[in-house]
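**Student:** Starting off with a structure, shown below.
Any read-out appearing in this document is the output of simple, stated calculations on the displayed coordinates, not a laboratory observation. The structure presented is a predicted model; accordingly, all values stated were derived computationally and were not measured. Every residue, glycine among them, receives a Cβ derived from its backbone with ideal geometry; neighbour counts consider all protein chains shown.
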Amino acid sequence: MPAPRHLTREELLARYAEGERDFSGAYLGDVDLSNCILSRIILVDASLERANLTGTNFLGANFQGAILNMARMYNCNLSGANMIDTQLRGADLRRAYLRGANLTRAYLSECDLSSANLGDAVLKLARLRDANLTEVRWRGADLTEADLRGAKLTGVDLKQVLLDGALLP
């Protein structure tokens with residue numbers, strides 16, 4: 001099977017505008033997709049390492065198994081996104097809106113999620129080691145068996161969060 005071809009911003013946006021939504025397996029490393037509207041896009045097993053996704057609307061997107069290590073996702077809308085088994089090591093998710101997103105088994109170590117909204121999000125078995133979780137809004141989130149060792153939890157209220165079996169700092 002040949003390696004996936006690197007898509008440019010222009011190619012992806014043109015195809016998306018024509019109605020295409022499935023970009024599974026695409027290689028978008030280092031691409032600037034900031035401030036775009038890409039609702040319900042399918043990026044299963046895609047590579048977006050170091051991509052600039054700042055301010056992009058990914059409402060209901062499917063990132064299952066995608067690689068987003070070191071991606072810049074500041075102020076992204078990822079509400080309702082499927083991010084199961086997604087790799088986000090070192091990603092910048094400050095002020096990201098992840099309400100209702102499914103991050104089961106996501107790898108979020110060393111991420112900056114400060115001031116993000118993770119209300120009603122599912123983070124079962126997620127790895128959040130050494131992540132910056134300052135002032136994250138967690139209300140209704142499920143962190144069952146999540147690994148938060150070494151995470152920074154300043155200004156966080158975990159009273160209405162499911163923490164069964166979670167490894168806390």
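**Student:** Can you find, within the range 4-22, the residue that is farthest from F63 (Cα to Cα) among those that are touching a strand residue (DSSP E or B) at 6+ places or on another chain (Cβ under 8 Å) and part of a loop (DSSP other than H, G, I, E, B)?
**Tutor:** The initial filter retains those residues of the range 4-22 that are touching a strand residue (DSSP E or B) at 6+ places or on another chain (Cβ under 8 Å), namely 4-7, 9, 21-22.
Okay, now just the ones that are also part of a loop (DSSP other than H, G, I, E, B), so 4-5, 7, 21.
Working: P4: 16, R5: 18, L7: 16, R21: 12 Å.
Filtering first and then ranking leaves R5.
**Student:** Right, another one. Within the range 44-59, identify whether any single residue is out of contact with any helix residue (DSSP H, G or I) (no Cβ under 7 Å at 6 or more places or on another chain) and closer than 16 Å to L118 by Cβ, and answer yes or no.
**Tutor:** Yes: the range 44-59 contains one or more residues that are out of contact with any helix residue (DSSP H, G or I) (no Cβ under 7 Å at 6 or more places or on another chain) and closer than 16 Å to L118 by Cβ.
**Student:** Also, I was wondering about something else. Any residue in the range 82-99 that is closer than 10 Å to L68 by Cβ sitting within a Cβ distance under 7 Å of a residue that is assigned to a strand (DSSP E or B)? List the pairs, counting only those 6 or more apart or interchain.
**Tutor:** That search, which allows pairs on different chains as well, returns M83/N102; Q87/I67; Q87/Y107; L88/Y107; R89/Y107; L93/D112.
**Student:** Pairs please, first residue from the range 145-159 and surrounded by 13 or more Cβ atoms within 10 Å (Cβ to Cβ), second anywhere and among the polar types (S, T, N, Q) and in a strand (DSSP E or B), Cβ atoms under 8 Å, 6+ apart in sequence or on different chains.
**Tutor:** If the second residue must be among the polar types (S, T, N, Q) and in a strand (DSSP E or B), the pairs left are A151/N132; K152/N132.
**Student:** Here is a further query. What is the residue count in the range 93-115 for residues that are assigned to a strand (DSSP E or B) and within 10 Å of L133 (Cα to Cα)?
**Tutor:** Filtering the range 93-115 down to residues assigned to a strand (DSSP E or B) leaves 97, 102, 107, 112.
Now narrow it down to the ones that are within 10 Å of L133 (Cα to Cα): 112.
Residues meeting the conditions: 1.
**Student:** Considering only residues of the range 51-93 that are more than 15 Å from A26 (Cα to Cα) and of a type in the set (F, W, Y), which is surrounded by the fewest Cβ atoms within 10 Å (Cβ to Cβ)?
**Tutor:** Among residues in the range 51-93 that are more than 15 Å from A26 (Cα to Cα) and of a type in the set (F, W, Y), the one surrounded by the fewest Cβ atoms within 10 Å (Cβ to Cβ) is Y74.
**Student:** Next question, about the same structure. Quickly run through the range 25-44 and pick out the residues that are free of Cβ contacts under 8 Å to residues at least 24 places away in the same chain and either loosely packed, with under 15 Cβ neighbours inside 10 Å or outside any loop (DSSP other than H, G, I, E, B) (or both).
**Tutor:** Passing the criteria: D30, D32, N35, I37, R40, I42.
**Student:** Take the range 45-67 and flag every residue that is in a loop (DSSP other than H, G, I, E, B) and polar (S, T, N, Q). It would help to see each step written out before you state the result.
**Tutor:** From the range 45-67, those in a loop (DSSP other than H, G, I, E, B) are 45-46, 48-51, 53-56, 58-61, 63-66; that's our starting set.
Selection gives T54, T56, Q64.
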